[in-house]
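Colleague: To start, I am sharing the structure in question, which I have written as structure tokens.
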Amino acid sequence: MIEQIIDAIAARLRTITGLRVFDYMPDNIAPPAAIVQLPRNIDFDLTFGRGADLMMIPVLVLVAKVSDRASYNNLARYLALEGATSIKGAIDGNLGGVVNDATVTRASGIGSYPVGGVDFMGATFETQLVV
């Protein structure tokens, strides 16, 4: 089930033109890139009788080297609340029947992320899922 959820989030992110999407942490990246990670936490049995679980899946988005002058503007496009490059806009909703509801609730950790010896500007998008 978790693999299907990660695949569904990745499929939504692939609708953003030019964004490379991974369902694992690659050794090296060519930004802009989104990495859909394993759940940060899972709260089981929110309702009686296995009615629903709550899961938080982080999506790391990396846009450019921190030293790149345009990195702040590039990240701002993905942080937008809506529009063609909005991470929130791409993910929010029913993920093709895989989950009842997906909502990007927070963008955190806005700053530098080291990958393959390079510091990239990025942010982690917390995605809350009702399963």
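The values are calculated or read from the model by the stated rules, or taken from the named source; none is laboratory data. Keep in mind that what you see is a predicted model, and the values were worked out from it rather than measured. FYI the Cβ positions are ideal-geometry reconstructions off the backbone, even for glycines, and counts take in every protein chain you see. To get the accessible areas, we keep the full protein, side chains included, count just its heavy atoms, and leave off ligands, DNA and RNA. Shrake-Rupley method; radii C 1.70, N 1.55, O 1.52, S 1.80 Å.
Colleague: For Ala70 and Asp27, what does the FRET efficiency come to when R0 = 35 Å and r is the distance between their Cβ atoms, rounded to the nearest 0.05?
Modeller: Computed FRET efficiency for Ala70 and Asp27: 0.90.
Colleague: Fully extended, how many nm does the chain gain between Glu3 and Asp119 (0.36 nm per residue separation, minus their Cα-Cα distance)?
Modeller: Computed gain between Glu3 and Asp119 is 38.9 nm.
Colleague: Which value, in Å² and to the nearest 10, is the accessible area of Asp23 when all protein chains are kept and the probe is 1.4 Å?
Modeller: Surface open to solvent at Asp23 totals about 80 Å².
Colleague: Stretched out fully, how many nm does the piece from Asp53 to Glu126 gain, at 0.36 nm a residue minus the Cα gap? Let's see the in-between values first.
Modeller: Details: separation 73, 0.36 × 73 = 26.28 nm, distance 1.62 nm.
Full extension of this stretch gives 24.7 nm more.
Colleague: Does segment 1-72 come out rounded, prolate or oblate by the C-alpha gyration tensor, with a ≥ b ≥ c the root eigenvalues, rounded set by a/c under 1.5 and, if not, prolate when a/b is larger than b/c and oblate if not?
Modeller: Working: a/c = 2.97, a/b = 2.45, b/c = 1.21.
The shape class here is prolate.
Colleague: Cα axis of helix 2-13 to longest principal axis of the chain: angle in degrees, 0 to 90, nearest 10?
Modeller: Tilt of helix 2-13: around 50 degrees.
Colleague: As a test of reading the structure, rank Phe120, Phe44, Phe22 by solvent-accessible area (1.4 Å probe, protein chains only), most first.
Modeller: My answer, sorted largest first, is Phe44, Phe22, Phe120.
Colleague: Of the heavy-atom accessible surface of the chain (probe 1.4 angstrom), what whole percent is carbon and sulfur? Walk me through the numbers before you get to the answer.
Modeller: Numbers: 3660 of 6950 Å².
Roughly 53 percent, rounded to a whole number.
Colleague: Any idea what diffusion coefficient the chain gets from Stokes-Einstein, in µm²/s, Kirkwood Rh on alpha carbon pairs, 4 °C, 1.567 mPa s? Mind showing how you got there, number by number?
Modeller: Working: Rh = 15.0 Å.
Value of D from the Cα-based Kirkwood radius: 87 µm²/s.
Colleague: Tabulate in residue order the Karplus-calculated ³J(HN,Hα) for segment 90-103, using 6.51 cos²θ - 1.76 cosθ + 1.60 with θ = phi - 60°, rounded to whole Hz; enter x for Gly and Pro.
Modeller: 6, 8, 3, x, 7, 8, x, x, 6, 10, 5, 7, 10, 9
Colleague: Something else: Using a 1.4 Å probe, how large is the accessible area of Ile42, given in Å² and rounded to the nearest 10?
Modeller: That residue has around 50 Å² of solvent-accessible surface.
Colleague: While we're here: Let me cross-check Ser112: its accessible surface, 1.4 Å probe, with only protein heavy atoms counted, in Å² to the nearest 10?
Modeller: 70 Å²
Colleague: List every residue whose amide H lies under 5 Å from the amide H of Ser86, counting only residues 5 or more places away in sequence or on a different chain, with H placed 1.01 Å from N in the peptide plane.
Modeller: Under 5 Å from the amide H of Ser86: no residue qualifies.
Colleague: Let me ask something additional. Averaged per residue, what accessible surface does the chain expose to a 1.4 Å probe, in Å²? Before the final figure, lay out the partial values.
Modeller: On the way: 6950 Å² over 131 residues.
On a per-residue basis, the chain sits at 53 Å².
Colleague: Additional query: Determine ³J(HN,Hα), in whole Hz, for all residues of segment 104-111 in sequence, where each value follows from phi through the Karplus function 6.51 cos²θ - 1.76 cosθ + 1.60 and θ = phi - 60°; x replaces Gly and Pro.
Modeller: Couplings: 6, 9, 6, 10, 9, x, 5, x Hz.
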